[in-house]
Amino acid sequence: MADSGSEEIAVIGNTDLTPSESENNLKNTMVEKGTNLLKRMEINVAEAEKRTGKNAVNMQETYTVYLIETRPVDAASEGTNPVPDSLWRRYSEFELLRNYLLVAYPFVVVPPLPEKRAEFVWHKLTADNMDPDFVERRRVGLENFLLRVASHQVLSNDKIFYSFLTEENGWKETVFETGFQAKADSRLKALNATFRVKNPDKRFAEMKHYGDELQSVISQLLRVRARAADRLYGVYKVHGNYGRVFSEWSAIEKEMGDGLQSAGHHMDAYAASVDDILEEEEHYADQLKEYLFYADAVRAVCRKHELTQFELEMAAQDLTSKKQQREELATGTVRTFSLKGMTSKLFGQETPEQREAKLKMLETQIEEGEELVKERNTECDEYVKSAWVDIERFKEQKDHDLREALISYAIMQISMCKKGIQVWNNAKECFSKM
Amino acid sequence: MSAVPLLRGGGQLTDVRCLSEIKTPARSSEISSSSSGAMSLGTPRSLASSGQKNIQDIRHPLCAAEESASSRSADALIHPGSGAATGGGGGEKDLSLPNGTPVETSSPASSSSLLNRLQLDDDLDGETRDLFVTVDDPKKHVSTMETYITYRVCTKTTRTEFDLPEYSVRRRYQDFDWLRNKLEESQPTHLIPPLPEKFVMKGVVDRFSEEFVDTRRKALDKFLKRVADHPVLSFNEHFNAFLSAKDLNKRQGLALLTKMGESVKYVTGGYKLRGRPIEFAAMGDYLDMFTQKLGTIDRIAQRIIKEQSEFLLELREYGPVYSSWSSFEEELHDPLEGVSGCVSNCSSALDELTEDMSEEFLPVLKEYVLYIESMKTVLKKRDQVQAEYETKLEAVVFREDKKTPVPTDVEKCQDRVECFNADLKADWDRWQNNKRQDFRQLLTGMADKNIQYYEKCLAAWESLIPSLQDKQEARDETN
């Protein structure tokens, strides 16, 4: 539920969604009903470019910008193929957009951005943010992010998101005008604070636990995979040495020479093939990484529930204590220890007028308190309702996406095996001619 | 097959025997003298079953004497038609320094031996081989003093040198080692195949593990087969004893050694070599370069095995992570378990590949390095023999005038050189052939193992795909 207030935030669309109605996919395959930006507009992040400029502290810096192209769907299908609208954005602007969405839609599992810095790298070289491979993978990741937001029932209708895609200048100011930053700070604070909730929704507690486990297991998987990739690289590359020694050896042989020489070429080819293999595997790693970060987003949603629940419980608790005070005042019995009670005992009781005033104040407070509890209760209920809907949506999306990722991983492995068989068969033929 | 120069001196069977070769007592009495001064031992005789005969047609050993008698007279009519330098019968010797193309006279005996030699080499195709040897069935023996392994050595043969057509004896590594030493001593002009390494560090390698024993067995089998295929070595009496004697009396050969005396040992003391014949220099160079390449290949192979082992370690950690992930997933449980199983299968396949390469590839490389080392030693010996001859010849030439005949001592040296060169050249060609076959087999085997590894992995992943896609279709249907 969007927070009410003076902020100008786009009106949310229909929040009563059934899980089956919203299913996100990795690329452009959409199965959508209802309003959805992606149905109307094609989005892609086409290019990346290096820029240099002065930053906030007036120092020269080099950064990368990404070209976002948009085009109305109808135009393309009509065959006219107009030139797409485009603008340039850098990574920090994407971050800003996402932070805004997190605050504006706390009940949504907001899609994550590709990683800020290269982690879980298998080869020390690719840890560089300026590395073209890294930039390329980031471009793909940013496009993926936009597509996911654009296909989300709720997020896709956001005006700030729309202007991110269409208005190059002044967008930043518009975002800041929403005043979301203040909320962002308090939200962060609240999410990080430790507090105990008495009656959290069990499902959210379980989901939070799931998020923890998912994050842990994917981290481990990525780490081991990176180490394995390093080793695999070594295995393939050392075979290249065979190429050289076979060539040298063939020089001192008569009949064996040709076979050896050509076999050596195949060994070189084998060694070279690992680069493509590992490049492809990075794509798989990126798919896992997306869900590593998604786990964090899930946890944030669960945490927000705890927060709203906590605030409800606080309000309820406050109300209860006020009611108790009223009772004590009215009946004159002191059930709980209070300083007032003590002082009144010591210094004598209050005058009836004073008591009357106090009672009246309490009544007002209780009335307000009841309103607050009612409000928070509604808030909590609505939050639970809409958040759970999105969590269900997320679960389906995750199951689908990860299954697809595993399938494509298996296909990758099959391709690698077939290449290996081919190379070694070629080499075998050469050996047999020795 | 390079041309074999006809040499003076008879040769038993198919090879020209040099003075140093030991004959069995029965045969040493048969000495045919060809032209003046030439000393040769042994009669040329054709193999009882060389070339034309089947095993069924083999006569009883007692017929052998008749056989050789008749063949000898027949052989005498044969004039050497092929081969390199041949001369007439008898006559003066050429006093030119040996430079690789010996010019000498030939005797009927040696010409027949040439033919026989050529015939036997054809036999190496295996179709008319008459001596089969295998090493198998390793067994552990535990005694109070020591524990050791013996291997069964089986022989099947139609040769008359053997009393029986079949033998089955038990031998241990020590016995093989003894045999090789004896062969080296008694046939110093020939290339003796190598044995697997003698010493193993007790802490590092388990001498009784299945892998070690099997690797050793294969190498011992190869060793005996190579000796059995050699036209000269296979007729060595020590080899015969090794294959047939119930109890190998390792002191057996000593008595004969002392009889032959000095002709056995090449007293090669610091003679300086003038010029190494080109072909032997080329052999030396080739061996040096080849050893180098083998060393490099060995290093590369070991490195690959190491990297593969480390990769395997990571895989063994990688697979189980999918399993633990599946434990808290519902829909994804089966796919994740499937991937875990796949990775596990690939790990096993990789384990097998690494093991195979360790056990079958590396030992052969090592063997060849050892082989080459012993070959280089033989080449050095040859150099020494030539050097001795040159020095002695010079001494004579400068001291006497040309009219006096050359002392027999120098002639003996010349003989030695020529025999050595001939033996070596023949063995070299044989070795090159074997080497080519061996390496073709070795490298093809390596390729095969890698192919098998990838095929196993391929099968595992391919079988996973339908199960990964299965639920997807089922789900889409219900939607």
Query raised in the report: If residue A:96 satisfies every condition in (1) modelled with pLDDT of 90 or more; (2) in contact with a Ser or Thr (Cβ under 9 Å, 6 or more places away or on another chain) but one, which is the exception?
Result: (2)
Query raised in the report: Would you pick out the residues in region A:99-140 that are modelled with pLDDT of 90 or more, within 20 Å of residue A:292 (Cα to Cα) and of a type in the set (Phe, Trp, Tyr)?
Result: A:107
**Report entry** Criterion (surrounded by 13 or more Cβ atoms within 10 Å (Cβ to Cβ) and assigned to a helix (DSSP H, G or I)) met by exactly one of A:396, A:371, A:356
**Finding:** A:396
Query raised in the report: Residue check, residue A:216 against (1) within 41 Å of the chain's Cα centre (by Cα); (2) closer than 14 Å to residue B:300 by Cα, all met but one. Which one?
Result: (2)
Query - Residue that is nearest to residue B:342 (Cα to Cα) [pool: residues in region A:416-433 that are facing chain B (nearest Cβ under 7 Å) and within 41 Å of the chain's Cα centre (by Cα)] - result: A:417
Report task. For residue A:307, state whether it is at negative phi, at pLDDT 90 or above and either among the aliphatic types (A, V, I, L, M) or assigned to a helix (DSSP H, G or I) (or both). Result -> no
**Report entry** Selection count where residues are touching a residue at least 12 places away in the same chain (Cβ under 8 Å), more than 53 Å from the chain's Cα centre (by Cα) and surrounded by 19 or more Cβ atoms within 10 Å (Cβ to Cβ), scope region B:316-335
**Finding:** 2
**Report entry** Selection within region A:261-272 - facing chain B (nearest Cβ under 10 Å) and touching a Cys at 6+ places or on another chain (Cβ under 8 Å)
**Finding:** A:263, A:266
Query raised in the report: Conditions: (1) within 10 Å of chain A (Cβ to nearest Cβ); (2) surrounded by fewer than 16 Cβ atoms within 10 Å (Cβ to Cβ); (3) within 20 Å of the chain's Cα centre (by Cα). Residue B:459 meets all but one. Number of the miss?
Result: (3)
Query raised in the report: From the set of residues in region B:299-315 that are more than 7 Å from chain A (Cβ to nearest Cβ) and buried (at least 17 other Cβ atoms within 10 Å of the Cβ), which is farthest from residue A:248 (Cα to Cα)?
Result: B:312
Report summary line: Exactly one of A:187, A:223, A:196, A:203 is over 30 Å from residue B:285 (Cβ atoms), of a type in the set (D, E, K, R) and crowded, with 19+ Cβ neighbours inside 10 Å, and that residue is A:187
Query raised in the report: Across region B:170-202, what is the total count of residues that are modelled with pLDDT of 90 or more, outside any helix (DSSP H, G or I) and surrounded by fewer than 19 Cβ atoms within 10 Å (Cβ to Cβ)?
Result: 2
Query raised in the report: Quick one: what pairs do we get from region A:37-59, first residue assigned by TED's automatic domain parsing to the domain that holds residue A:139, second small (Gly, Ala, Ser) and in a loop (DSSP other than H, G, I, E, B), C-beta under 6 Å, 6+ apart or different chains?
Result: A:38/A:151
Report task. Go through A:98, A:148, A:138, A:117 for me and flag whichever is within 30 Å of residue A:232 (Cβ to Cβ), buried (at least 16 other Cβ atoms within 10 Å of the Cβ), under 16 Å from the mean Cα position of the chain (by Cα) and not assigned by TED's automatic domain parsing to the domain that holds residue A:288. Result -> A:138
Query raised in the report: Of B:435, B:425, which residue is closer than 23 Å to residue B:229 by Cα, at pLDDT 90 or above, in a helix (DSSP H, G or I) and more than 14 Å from chain A (Cβ to nearest Cβ)?
Result: B:425
Query - Check on residue A:413, within 8 Å of chain B (Cβ to nearest Cβ), in a helix (DSSP H, G or I) and closer than 20 Å to residue A:288 by Cα - result: yes
Requested in this report: Please determine, by comparing only the residues of region B:322-339 that are out of contact with any Lys or Arg (no Cβ under 9 Å at 6 or more places or on another chain), of a type in the set (A, V, I, L, M, F, W, C) and at the interface with another protein chain (Cβ under 7 Å from one of its Cβ atoms), which one is nearest to residue B:355 (Cα to Cα).
Outcome: B:339
Query raised in the report: Tell me, which residue of region A:203-260 that is of a type in the set (Asp, Glu) and more than 9 Å from every other protein chain (Cβ to nearest Cβ) is nearest to residue B:291 (Cα to Cα)?
Result: A:258
Requested in this report: Could you run through region B:289-315 and say how many residues are without any contact (Cβ under 8 Å) to a residue 24 or more places away in the chain and under 32 Å from the mean Cα position of the chain (by Cα)?
Outcome: 8
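The values are calculated or read from the model by the stated rules, or taken from the named source; none is laboratory data. Worth saying up front: this structure is predicted, and the values here are computed from it rather than measured. Ideal geometry is used to build each Cβ from the backbone, glycine not excepted, and the neighbour counts take in all protein chains shown.
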